[in-house]
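The values are calculated or read from the model by the stated rules, or taken from the named source; none is laboratory data. Quick caveat: nothing in here was measured; it's all calculated off a predicted structure. Note that each Cβ is placed from the backbone with ideal geometry, even for glycine, and that neighbours are counted across all protein chains shown. Ligands, DNA and RNA are excluded from the accessible area calculation, which covers all protein heavy atoms including side chains. Shrake-Rupley method; radii C 1.70, N 1.55, O 1.52, S 1.80 Å.
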Amino acid sequence: MIRPMSAIDRFIEEMGIILQESGGSRIAGRIFGLLLAEGKELSLLQISERLGVSRASVSTNARMLTKSGVLKLTTRAGDRQDYYQMAKFAYTDIVGDLSARFRRYGKILEPCAQEVRAEDEEAASRIDHLTSFYNQSADILDNWAETFRVEGPNRGKND
């Protein structure tokens with residue numbers, strides 16, 4: 001008999017799908033979801049067993065999440081295992097990464113618009129519009145991430 005999926009397991013699976021749809025690894029999303037739901041550090045073995053995936057896959061994806069600033073690697077004295085936990089500002093770091101990507105896209109497109117302008121002013125105008133979208137979005141994301149970092153997730157709930 002198949003046991004029904006718990007609400008936490010469903011959340012973990014949904015996080016995997018969300019990250020996969022964003023171009024990332026489904027396993028990385030599941031690791032993120034598990035560590036967020038648990039709220040404590042877990043060893044690679046614990047993560048592997050809980051998610052039913054290989055330790056190698058967990059190790060690869062946890063390292064990638066650590067490199068991007070979402071997870072933090074921890075150790076325990078006398079214990080050779082690696083442990084992972086959510087980074088303090090994991091959400092804002094995700095927004096910061098998106099902001100940096102948008103800002104980079106804007107910088108790439110600006111000279112393109114200049115070059116295209118000599119050939120087609122209307123096309124250059126559309127490129128300028130996209131460049132502006134990326135630059136303004138980056139500013140908005142930076143401001144929002146900083147507000148979230150300072151004021152936390154409950155800002156405005158009781159105002």
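How large is the convex hull of the C-alpha atoms of the range 81-159 per residue, in Å³?
111 Å³
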For T75 the rounded accessible area (nearest 10 Å², probe 1.4 Å, non-protein molecules ignored) is 100 Å²
Per the C-alpha gyration tensor (a ≥ b ≥ c, the square roots of its eigenvalues), the range 13-88 is rounded if a/c is under 1.5, else prolate if a/b beats b/c, else oblate; here it's prolate
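Report the calculated FRET efficiency for A100 and S6 (r = Cβ-Cβ distance, R0 = 35 Å), to the nearest 0.05.
0.45
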For the range 1-156, the charge dipole (Cβ of Lys, Arg +1; Cβ of Asp, Glu -1; about the Cα centre) points to a positive end, and the Cα of T92, I127, N143 closest to that extreme belongs to T92
In nanometres, the difference between 0.36 nm per residue of separation and the alpha-carbon distance of K88 and S22 is 21.6 nm
So the pair-distance distribution of the chain, from every Cα-Cα distance in 10 Å bins, comes to percents of 10, 28, 27, 19, 11, 4, 1
Diffing the range 66-71: the Karplus 3J(HN,Hα) column from phi (6.51, -1.76, 1.60, θ = phi - 60°), in whole Hz with x for Gly and Pro, holds 5, 4, 7, x, 7, 10
For A87, the residues 5 or more places away or on another chain with a placed amide H closer than 5 Å to its own amide H are L71, K72
Calc'd 3J(HN,Hα), the range 47-58, phi into Karplus 6.51 cos²θ - 1.76 cosθ + 1.60 (θ = phi - 60°), Hz, glycine/Pro = x, comes to 5, 4, 5, 5, 8, x, 10, 5, 5, 4, 5, 4
With label points set 7 Å from each Cα along the Cα-to-Cβ direction at R117 and Q81, the distance between them in nm comes to 6.0 nm
For K67, the aspartates and glutamates lying under 12 Å Cα to Cα, once residues fewer than eight places off in the same chain are dropped, come out as D93, D97
Over the chain, with neighbouring protein chains present, the accessible area per residue in Å² at probe 1.4 Å is 67 Å²
Once all protein chains are kept in place, M15 shows an accessible area at probe 1.4 Å, nearest 10 Å², of 40 Å²
Whole-percent tail of the Cα-Cα distance distribution for the range 38-79, cut at 15 Å, equals 44 percent
For the range 44-146, listing GluC sites (Glu not before Pro) in a DSSP loop whose Cβ sees at most 11 other Cβ atoms within 10 Å gives E119
With the 8 Å Cα cutoff and a minimum separation of six or more residues, the chain has a relative contact order in percent of 15 percent
For the range 1-142, the percent of accessible surface on carbon and sulfur atoms (probe 1.4 angstrom, ligands and nucleic acids excluded) is 55 percent
So, with points 7 Å from each Cα along the Cβ direction, the H129-I108 label distance in nm works out to 2.1 nm
Ordered by number, the trypsin sites (Lys or Arg not before Pro) in the range 36-114 that occupy a DSSP loop and have at most 16 other Cβ atoms within 10 Å are K40, K88
Of the residues M15, L51, Q81, the Cα lying farthest along the dipole of the range 1-120 towards its positive end, which is defined by charges on the beta carbon of Lys, Arg, Asp and Glu, belongs to Q81
Distance in nm between D139 and E14 label points, each 7 Å along Cα→Cβ, equals 3.4 nm
